[in-house]
Amino acid sequence: MKFRSVFDIIGPVMIGPSSSHTAGAARIGRAARDLFGREPKYANIHLYGSFAKTYKGHGTDVAIVGGILDYDTYDQRIGKSLETAKQKGIRVRFHEEDAHTDHPNTARIKMGDDQGSIELVGISIGGGKAEITELNGFELRLSGSHPAILLIHNDRYGAIASVTSILAKRQINIGHMEVSRKEEGQEALMVIEVDQNVDDDVLDELEKAEHIVQVAKISE
Amino acid sequence: MFRNVAELVELAESEGISISEVMIRQEMEVKEKSYEDVFGEMERNLDVMEKAIEDGLKGVESHSGMTGGDAVLIQKYMQEKEPLSGHLLMDAVSKAVATNEVNASMGTICATPTAGSAGCVPGTLFAVKNKLNPTREQMVRYLFTSGALGFVVANNASISGAAGGCQAEVGSAAGMAAGAIVEMAGGTPAQSAEAMAITIKNMLGLVCDPVAGLVEVPCVKRNAMGASNAVVAADMALAGVTSRIPCDEVIDAMYKIGQTMPSALRETAQGGLAATPTGRELEAKVYGISLKKE
């Protein structure tokens with residue numbers, strides 16, 4: 001079940017005009033910000049399907065950038081996000097794509113700074129709810145029915161053990177877990193679906209664990 | 001966790017509780033939160049809806065200038081004359097319009113289930129309220145009942161116009177509102193399901209064809225009609241009328257219709273009203289240029 005909470009249906013409280021194209025888009029932008037962990041210096045945003053066709057009217061561009069600036073769906077500052085990004089020296093570019101995607105409301109965000117970058121694909125599935133389907137070239141296969149923790153880590157021994165032992169200590173049960181890497185010894189991704197919601201202090205602790213580069217939670 | 005409307009009704013009736021209570025209990029379990037926390041969060045959504053209606057009834061205008069001010073016109077008409085379709089119905093219509101006019105002006109609203117369809121649930125609630133005089137608690141419960149019914153649609157079909165057309169947005173919202181009106185009026189959970197089935201049946205096939213891609217034309221007026229559909233269907237269900245096609249099958253039909261709907265009619269501003277000569281003219285005016293779309 002993709003929708004787990006009544007507040008996915010009655011909510012979110014948001015700035016209009018479109019939950020899919022504004023609130024959902026802001027959430028994709030914010031997921032990118034969460035995963036990157038800091039304000040980027042540049043963002044290349046590729047829009048597909050209905051996003052590409054109607055983003056100006058719906059303010060999808062404004063919303064995604066608002067999310068990247070770490071604004072929530074109801075934050076009044078979303079309306080001025082493009083100006084704010086410019087003032088902060090963030091280079092933002094939009095690309096309208098013709099390619100057909102599985103979901104009509106799809107955005108690909110590539111963003112970063114001189115320290116690093118991330119690339120993710122997000123889809124807005126309705127009512128302001130968003131899902132991340134791809135991260136740094138890793139396809140995410142999340143059931144969507146449980147909260148999930150994403151960890152970008154170095155492909156080294158002990159990385160998985162350090163993460164699972166922290167979760168065990170916190171009495172958080174793992175329902176499903178996947179580890180994937182592109183090349184031996186390089187960047188890898190752990191996707192962990194858990195049974196209960198994860199507090200931010202758990203994420204902080206995970207981030208400090210050995211070989212862990214970045215931590216984020218999604219589909220709460 | 002209930003997976004469909006039949007299970008939701010069965011859960012409510014076997015335990016002798018309302019649909020809103022089933023939803024509250026499930027939310028407490030899933031989120032591991034107290035009754036007070038869950039209830040309080042919904043009450044804050046109710047406050048946002050109330051404020052949006054207030055703002056809309058004072059009069060707002062969208063940036064494009066295509067929408068705004070109709071809620072004021074309807075309320076003024078109601079004060080001067082007795083509306084042919086009745087005071088409650090037009091009150092619901094004006095408040096649904098008010099909400100969506102605020103949404104189009106980039107004001108703050110609560111998505112129910114989406115922003116484009118945010119008028120149906122609060123519009124009907126704040127109209128029916130004047131007739132049934134509910135407590136604040138019953139008003140919050142109205143939102144849980146709507147939410148429970150929308151939860152089923154979202155998980156079994158879609159609440160996205162880009163995926164399923166307007167039937168998935170205003171159709172779902174109107175169905176949710178119809179079921180919630182029934183509960184507030186003292187009907188049974190089964191009658192709520194009937195009201196939702198009757199409502200959605202009458203909005204099947206509704207396409208999403210916003211002019212210039214903006215959530216304004218025809219979205220605002222579709223919420224008006226969604227709200228009136230909900231009130232009428234709730235009355236029919238309370239009278240004992242049932243749907244020959246069960247609610248879950250209606251939702252499934254909506255899902256399948258959405259899947260076969262051409263992309264031009266699913267929130268791409270390429271077909272329907274968006275592609276009419278006037279729709280294109282408005283679009284050119286909004287953007288200051290003619291956007292080439294086929």
note = About its Cα centre, region A:10-147 carries a charge dipole, from +1 on Lys and Arg Cβ atoms and -1 on Asp and Glu Cβ atoms, whose size in debye to the nearest 20 is 340
task = Calculate what fraction, in whole %, of the accessible area of chain B sits on carbon and sulfur atoms when a 1.4 Å probe is rolled over the protein chains.
result = 54
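Over chain A, what is the mean sequence separation of C-alpha contacts under 8 Å (at least six apart), divided by residue count, expressed as relative contact order in percent?
Value for chain A: 22 percent.
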query = So which trypsin sites (Lys or Arg not before Pro) in region A:48-146 pass both tests, a DSSP loop state and at most 15 other Cβ atoms within 10 Å of the Cβ?
reply = A:88, A:141
task = List the residues of region B:145-165 whose backbone N lies under 11 Å from a point placed 7 Å from the Cα of residue B:259 along the Cα-to-Cβ direction.
result = B:157
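Over chain B, give the accessible area per residue in Å² for a 1.4 Å probe, as an integer.
In whole numbers, chain B has 39 Å² accessible per residue.
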query = Dipole of region A:29-71, Cα-centred, from +1 at each Lys and Arg C-beta and -1 at each Asp and Glu C-beta, to the nearest 20 debye?
reply = 100
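Cα-based count: Lys pairs in region A:9-136 below 13 Å, eight or more positions apart or different chains?
4
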request  = Determine the total buried accessible area between chain B and chain A, counting protein heavy atoms only with a 1.4 Å probe; round to the nearest 100 Å².
outcome  = 3400
query = Distance from the Cα centre of region A:12-84 to that of region B:208-245, in angstrom?
reply = 29
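Below 8 Å, C-alpha to C-alpha, sequence gap of six or more: please give me the relative contact order for region A:9-136 in percent.
Averaging sequence separation for qualifying contacts and normalising by length gives 36 percent for region A:9-136.
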message = Rounded to whole Å, give me the distance from the Cα center of region B:60-126 to that of region A:139-183.
response = 47
ask   = Using a probe of 1.4 angstrom, how much of the accessible area of region A:148-218 is carbon and sulfur, in percent?
value = 44
inquiry  = Using the Cα centre of chain B as origin and beta-carbon charges of +1 (Lys, Arg) and -1 (Asp, Glu), tell me which of B:125, B:284, B:66 is placed farthest towards the positive end of the dipole.
reply    = B:284
ask   = Roughly what % of DSSP beta bridges within region A:1-144 run antiparallel, to the nearest 5?
value = 80
inquiry  = Let me check something: with ligands and nucleic acids excluded, how do A:30, B:222 order by accessible area (1.4 Å probe), largest to smallest?
reply    = A:30, B:222
ask   = For the residue pair residue A:154 and residue B:204, what label-to-label distance in nm results when each label sits 7 Å from Cα along the Cα-to-beta-carbon direction?
value = 6.0
query = Put B:42, B:28 in order of accessible area, largest first, 1.4 Å probe: what do you get?
reply = B:28, B:42
Those GluC sites (Glu not before Pro) in region B:1-101 that DSSP places in a loop and that have at most 12 other beta carbons within 10 Å = B:32
note = Within region A:141-188, DSSP-loop GluC sites (Glu not before Pro) with at most 12 other C-beta atoms within 10 Å are A:183, A:184
ask   = Calculated FRET efficiency, residue A:210 and residue B:1, Cβ-Cβ r, R0 45 Å, to nearest 0.05?
value = 0.75
inquiry  = Please give me the summed charge of the neighbours of residue B:147: other residues whose Cβ is under 9 Å from its Cβ, Lys and Arg +1, Asp and Glu -1.
reply    = -2
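With runs of 4+ DSSP H residues as the only contributors, calculate the mean residue ellipticity of chain A at 222 nm using -39,500 (n - 2.57) per run, divided by the residue total and rounded to the nearest 500.
Value at 222 nm, helices only, nearest 500: -8000 deg cm²/dmol.
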task = Could you tell me what percent of the accessible area of region A:9-136 is made up of carbon and sulfur, with a 1.4 Å probe and every protein chain present?
result = 42
request  = Considering Cα pairs under 8 angstrom that are at least six residues apart, work out the relative contact order of region A:148-218 and quote it in whole percent.
outcome  = 49
ask   = For the pair residue A:102 and residue B:28, what calculated FRET efficiency results from E = 1/(1 + (r/R0)^6), where r is the Cβ-Cβ distance and R0 = 35 Å, to the nearest 0.05?
value = 0.55
query = Separation between the residue A:136 and residue B:47 pseudo-spin-labels, each 7 Å from Cα along Cα→Cβ, expressed in nm?
reply = 4.1
Given charges at beta-carbon only (K, R positive; D, E negative), |dipole| of region B:1-75 in Debye = 240
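The values are calculated or read from the model by the stated rules, or taken from the named source; none is laboratory data. From a predicted model like this one, the values you see are computed outputs, not experimental measurements. Neighbour counts run over all protein chains shown; Cβ positions are idealised from the backbone, glycine included. Areas reflect the complete protein model, heavy atoms only, side chains present, ligands, DNA and RNA absent. Shrake-Rupley method; radii C 1.70, N 1.55, O 1.52, S 1.80 Å.
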